[in-house]
1. Does at least one position in region 226-246 carry a residue that is assigned to a helix (DSSP H, G or I), over 19 Å from Pro22 (Cα atoms) and modelled with pLDDT of 95 or more?
2. If you scan region 124-165, which residues turn out to be acidic (Asp, Glu) and more than 9 Å from the ligand (Cβ to nearest atom)?
3. Let me confirm something: among Ala32, Ala19, Ala66, Ala59, which residue is in a helix (DSSP H, G or I) and at pLDDT 85 or above?
4. Against the conditions (1) surrounded by fewer than 21 Cβ atoms within 10 Å (Cβ to Cβ); (2) within 16 Å of the chain's Cα centre (by Cα), where does Leu72 fall short? Just the number, please.
5. Those residues that are closer than 18 Å to Leu182 by Cβ and away from the ligand (no atom under 11 Å from the Cβ), I need them from region 32-58; list them, please.
6. Would you confirm whether or not region 199-207 contains a residue that is farther than 22 Å from Gly77 by Cα, crowded, with 23+ Cβ neighbours inside 10 Å and at pLDDT 95 or above?
7. Considering only region 224-239, I want to know if a residue exists there that is under 18 Å from Arg285 (Cα atoms), free of Cβ contacts under 8 Å to residues at least 60 places away in the same chain and either β-branched (Val, Ile, Thr) or buried (at least 18 other Cβ atoms within 10 Å of the Cβ) (or both).
8. Which members of region 130-158 meet the condition of being part of a strand (DSSP E or B) and touching a His at 6+ places or on another chain (Cβ under 6 Å)?
Amino acid sequence: MSTTDTTATTDVLSAADFAAHPFLGPLDRRPAHYRGPHRLSHSGWLNFADRLERREEMAAILAAVATSRRVLDVGGGTGELTRAVAAQVGRCVTVEPHARRVEALQTAGAVSSGNVPHVFEATGTAEIEVLPGHAEALPFPDAAFDAVLACWVLPYADDPDRAVREMARVCERGTPGSRVVLIGGAPDNELVSLLNEVCVPLAGEPHDHQGHLLADAARTLGESGFPVISLHRTEAALHFPEIDLEQRITIAAATLTDFWYEDHPRAADMREALRPALRRHFARRPHAIGDQGIVLMALCESLS
Ligand SMILES: C[S@@+](CC[C@H](N)C(=O)[O-])C[C@H]1O[C@@H](n2cnc3c(N)ncnc32)[C@H](O)[C@@H]1O
């Protein structure tokens, strides 16, 4: 595929040329520095997740770990992905810093809680191990896993570069097939574009640019023994089936605002300011807002 094509779904490239890849754009808006973490609202994110359909993304992740045996899912969140991986692989370990999410992850068959590994049955004989912790200091020895995933996690980390170095450290390098897999927003992600256009300026924050996080991660992974990078674009979307347009706009405005800014002092202004942007959006795409992603897979050597 041409490196100027932003719509094709797969690409394989060497560490030297991913920096200018359009999947990691918008290239003309790349910031010089990380803007700092978004604060993911807890209930806001659960409402968001209830409307999110991401079959294609899940399929891409499951394909990425099809031959893996020891998988770490960093930032497991609601556990949707962790459970799917465990069901396929037989077992999945997840590290999650947010206490209420750790609790939710541990709910099924919980036998203990607190700062200890916690194992429970996922589906059938599959197991999930949940550990409280941060990507920046993973509680595992070197090379403990042959696949490390972090899906939609880097924009919430205090130090994404340290997080990526930790992921590379705990991933077996030098073994063919070992991989680190990250997902972040595609350059034309509709949700991020709406938040950047309306909410981020009201918050007085630098705009969100997830391609820059993935490009930096690719460079760090290359330096850490995983130089073969592939990029895969996925479609996902938040769905708003409400028939009445005004009701749909109201719900979408609240869903988007509460995702990142539920407790922000200007949250009410953001909901109001989103209305005309959402009206324009729904005129083009009546019942969905795209959450398009880029799956970045880093291998220690080419599989071909
Ligand atoms: C948008 S959610 C994504 C959850 C899950 N990976 C998924 O794709 O459904 C981001 C998750 O990253 C977690 N998180 C935030 N900062 C983190 C960090 N420094 N290390 C690990 N996880 C973190 C959040 O608590 C949250 O569960």
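1. yes
2. If the condition is that a residue be acidic (Asp, Glu) and more than 9 Å from the ligand (Cβ to nearest atom), then Glu127, Glu129, Asp142, Asp146, Asp161 are the ones that fit.
3. So the residue among Ala32, Ala19, Ala66, Ala59 that is in a helix (DSSP H, G or I) and at pLDDT 85 or above is Ala59.
4. Status for Leu72: all satisfied but (1).
5. Tyr34, Arg35, Glu56
6. The answer is yes, given that some residue of region 199-207 is farther than 22 Å from Gly77 by Cα, crowded, with 23+ Cβ neighbours inside 10 Å and at pLDDT 95 or above.
7. No - not one qualifying residue is present in region 224-239.
8. Val130
The values are calculated or read from the model by the stated rules, or taken from the named source; none is laboratory data. What you see is a predicted model, and the numbers here were worked out from it, not measured in a lab. All Cβ positions, glycine included, derive from the backbone under ideal geometry; neighbour counts span all protein chains shown.
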